[in-house]
1. Which whole DSSP H helices in chain B pass both tests: a Cα extent of 24 Å or more along the axis and a mean Kyte-Doolittle value no lower than -0.5?
2. If R0 is 30 Å, what FRET efficiency do you get for A:Q265 and B:A4 from their C-beta distance, rounded to 0.05?
3. Looking at the protein assembly as shown, I'd like the Rg to Rh ratio, where Rg is from alpha-carbon atoms and Rh is Kirkwood's inverse mean 1/r.
4. Could you put A:E235, A:E31 in order, starting from the residue whose Cβ has the fewest other Cβ atoms within 10 Å?
5. If you rank A:H174, B:H40, A:H7 by fewest surrounding Cβ atoms within 10 Å, what's the result?
6. Whole-Hz ³J(HN,Hα) for each residue in the stretch A:241-258, computed from phi via Karplus 6.51 cos²θ - 1.76 cosθ + 1.60 with θ = phi - 60°, x for glycine and proline: what do you get?
7. Apply 1/(1 + (r/R0)^6) to the Cβ-Cβ distance of B:R13 and B:R51, taking R0 = 30 Å, and write down the FRET efficiency to the nearest 0.05.
8. Within 10 Å of each Cβ in peptide A:144-156, how many partner chain Cβ atoms are there on average? Round it to a whole number, please.
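No value in this document is a laboratory result; all are computed from the given coordinates. Not measured: the values here are computed from a predicted model. All Cβ positions, even for glycine, are placed from backbone atoms using ideal geometry, and neighbour counts span all protein chains on display.
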Amino acid sequence: MYYIDPHVHMISRVTDDYERMARMGCVAVSEPAFWAGFDRGSVDGFRDYFRQLTEFEPTRASWSGIQHYTWLCINAKEAENVSLSREVIAMIPEFLNRPGVLGIGEIGLNKNTQNEATIFREHVDLAMKTRELILIHTPHLEDKYKGTRMIVDMLLEDDRVEPERVLIDHVEEHTVRLAKEEGFWCAMTLYPVTKCTPARAADIIEIYGDDRIMVNSAGDWGPSQPLAVPDFIQEMRRRGVPDSKIMKVVYENPLEFFSQSRNFQFDPPDTFPMPREAAVD
Amino acid sequence: MAGAMTANEILDRLFLEMRARILELAASFDRIDRADSDDHLGEDPRPSQLRRANDIVNSGRYDRAEQVQMIFSDPYQAGWNRPD
Ligand SMILES: [Zn+2]
């Protein structure tokens, strides 16, 4: 089955992962900007990161026939540094018209602080002024419920925000309704121990339906599983869900959401000519 | 979207896995208590969170997963973003 992983930090993964994902049916990925494991020291550090996301990463993905899209921002952990965050937000528009840039993300909250909220609102303002889609990171563990509610509050504060152009990520049993009831898209992250499992994600879809929802691996430099979406497909098949229904969640829904971005150009796999740039030695 | 499997089929598939998880949980509580005979954990809120979560698992509710999540969640204050 073809699938799209709508949230995976491929910059942290090896080329072999792209190849394994392609063999499992992955035809496209979208990669939000995130924390590198250390706080970057300057706006130029982010500029180089955005070049990697928009130049080299799509090339590397193409070696396995995978189409690569990206999202740009300064993440919530580094948003505690408000002055650096403002420099990064001012620099982001240099990249917004590059091919494959879908919008602003993953912005959000981490520890639910005032500085994080300030920078979240400034990212939303940039997205509204430049008419970009938004991808939102919600905090983990004990911070998730409160942080998700604060994020929804801030989105509702701004009457320029169109909910169907916003994706709220890492939803779980206690936050999925908050996102869906206000008309936002949402995504579940299949991640060992701290987030959702394939079985719980399948439960949430049984309970809340398969509209405006997708699943991702959020594979990154931590303990994570870049083949988590195929695990979800397998769980759904074991439950007797027909492939056409599974395909809606893992393929058609991401396409429907991404298609709202002016930079989203997608070659469906049955017509995709697999142009491979020569791999470097 | 209702599940395509009957309750019996789901139980057949999950029984040994659930049995193993409950055993693991029981052994984990035992391990903590064995090491804490002089009540070192005292005011640590986590053991009581785990016990409350366990009570929810044993309840007859249909939203156990959501309620367990809420036990491990910080409280939200409505109006946090309104100037007062
Ligand atoms: Zn992420």
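1. B:7-35
2. It comes to 0.25.
3. 0.98
4. In increasing order of surrounding Cβ atoms, one gets A:E235, A:E31.
5. In increasing order of surrounding Cβ atoms, one gets B:H40, A:H174, A:H7.
6. Per residue, the Karplus-derived 3J(HN,Hα) values read 6, x, 3, 4, 6, 5, 4, 4, 6, 8, 9, 5, 5, x, 4, 5, 5, 4 Hz.
7. So, using R0 = 30 Å, E works out to roughly 0.60.
8. 3
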